[in-house]
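Accompanying notes for the structure given below.
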């Protein structure tokens, strides 16, 4: 805004005069601003109320209007220590008996102590060799649904490494250093989640023994029994088939692996062709350039040399006491450091030299500009010229370095791809020693090398299985080759007898005929479960509906019947300046509280809701009302202001306004004696109210969906106010500019008149 200086010659308070002259126009603008502010507050008031109505519509009504909400059941248990009811809403009414024969358990293995006889203990970092194991071996972990995973072990494996391998199979495993034991368990209960640890060979068997993980249960497992049976000559054919099937399976796997590797190599070759084409387009490309030579040119090479002090002398090392160190011949031992060197003409070296030269000139310039420097302006100008030249050289060398770096990235990528191809080809060649492809029909079969490997592996499994089966017959025999030190509890299913019928579950939770319950302990006799209608649950649901309805309808009545705020308008900033914060707050509250006073839209929504509840609902051809269920309003003269449309349940001990305190609760009695009538009445009532609100919240040209007030219309009105205010501001500014122009002309005329008067006075010597 321009700064105006007026009244210098006239002596008039021009600004006040002009403000008074424009006050009529200002009044029009301020009136629009206040009206727009009031509209904005009204929008906020409606938004807040609409949110509550919509919440009531979507949450509270949905609980009441569906029949499924009334299917609440209550089940009492004669022994809550044995049975815990989790859910019973869909259960049939009646008495059920249950006996818990078994609880579900997770498979759990407690390893034997690793502490030695002379008291040596180990950490998780200890190797199997330190525990007494040597060589290599293989362990099979059979888990849920018979999944089998092999773990290769060696004397260099740490306890923690073995634990990690077990965890990868899906089991829980840990090493308790305090107790020197390994613990392994299934994550879930049930027989299906049982697991076994077996040795695939003598090394695997020995590793399990060393780790304290051999158990009598696993030694007697079906896994060992199966492999031991192949030692019987009568099962020779079956054993041969098992080996032949394994050879065929592995041969197919080797062939599939090679097909994948060859496809991968083909794709890598195509990628390298593209990389070479792009490389040839780069600036500075040289066919003779290699990744190794370019890397050396860019990044130099490292050399170890004596570390020098600031005077260029080697620095002798000192021991922890600060004494100079010497070798066995008495010669000084010097500190060493690794430094980067560059070949002459290398990209990295030339860039480093250029940067060093620039830094040298920059340092010289800084010293030249210090106080007391003997250098002249001409000397400084020469240094600045050198800096400009050195800076240009750095840019030139940096560009060459970046171009070389880009070429190196392509060359290095090509080399890495070539190395990957070579590694894949070596793997392909090795895999081919295990299978052959028939040239005629393309069938895949294993080579003798593969057959021999499978035979060796399976024969080892048979040998240790035979040993395991023998040990299982007498685990405590001191002559056994391996000692079973672990304690194993196999996983098992829960088992119950419900109403004379046996049921099993992998966990301790059962869902049968609508009853969902958990078995907590095994029982010697039967436990009784009695299921009845949950009258309290239904009662609480209906009670909650009226609690929320009353809060909403009371608020709507309060807003509609609010006191008038006639004579109160929103304050302008200059009006607020003359009032305290408390006065402003009280003034605005007076207006905001009355924003929806006598609002026709509010009255329409509230009346529609009240009408639905007054009309009641038809049940089996009979018209029924809320009063039939002991639910009434207090009446016009008994209710407080704005609470005359609230409903109260007779006998509700939580409601201070309940009209009948000592009488039987009609609603609760009807829920117990005639639940179908209660359900039919309240679902109909809730659906009628739901439909009524849905109609009130439907989208129109003036309102959005799920909105009871004309939000679109208010938005347009707010926009119109903005446009009108802008036009009034333009008119006001034009009017004030006009008056300022007139008063300015008057001041100019007065100035000229004064100048003439001064001239005339001077002519007469005045």
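Quick note: the coordinates plus some simple rules give every number you see, no bench work behind them. Note that the structure is a prediction, hence the values are computed from the model and not measured. Here the Cβ is made from the backbone with ideal geometry for all residues, glycine too, and neighbour counts use every protein chain on show.
Per-residue extension of 0.36 nm, minus the Cα-Cα distance of residue 120 and residue 723, leaves a gain of 208.0 nm for this segment. Counting neighbouring beta carbons within 10 Å and listing from fewest to most, the residues 648, 690 come out as 690, 648. When you restrict to C-alpha pairs under 8 Å that are six or more residues apart and normalise by the size of the stretch 329-402, the relative contact order lands at 39 percent.
Mean residue ellipticity at 222 nm, helices only, the chain: -17000 deg cm²/dmol; runs of at least 4 DSSP H residues each add -39,500 (n - 2.57), and the sum is divided by the number of residues. For Rg and Dmax of the Cα atoms in Å, the value calculated from this model appears in (1) 47.6, 155; (2) 34.7, 137; (3) 27.0, 89 under label (1). With both labels modelled 7 Å from their Cα along Cα-to-Cβ, the residue 127 to residue 632 distance reads 9.2 nm. Working from Cα pairs under 8 Å separated by at least six residues, relative contact order for the chain is 24 percent. Using Cα pairs closer than 8 Å and at least 6 residues apart in sequence, work out the relative contact order for the stretch 362-510, in percent. Over the stretch 362-510, the number comes to 7 percent. A simple spin-label model places the labels of residue 582 and residue 687 5.7 nm from each other, with each point 7 Å out along Cα-to-Cβ. Put in order of Cβ neighbour count within 10 Å, fewest first, the listed residues 595, 520 become 520, 595.
Note on the stretch 418-541: the C-alpha convex hull projects to 22.2 nm² when averaged across all orientations.
Cβ crowding within 10 Å ranks 387, 542 as 387, 542, fewest other Cβ atoms first. Modelled spin-label separation between residue 264 and residue 601, with each label point placed 7 Å from Cα along the Cα-to-Cβ direction: 6.7 nm.
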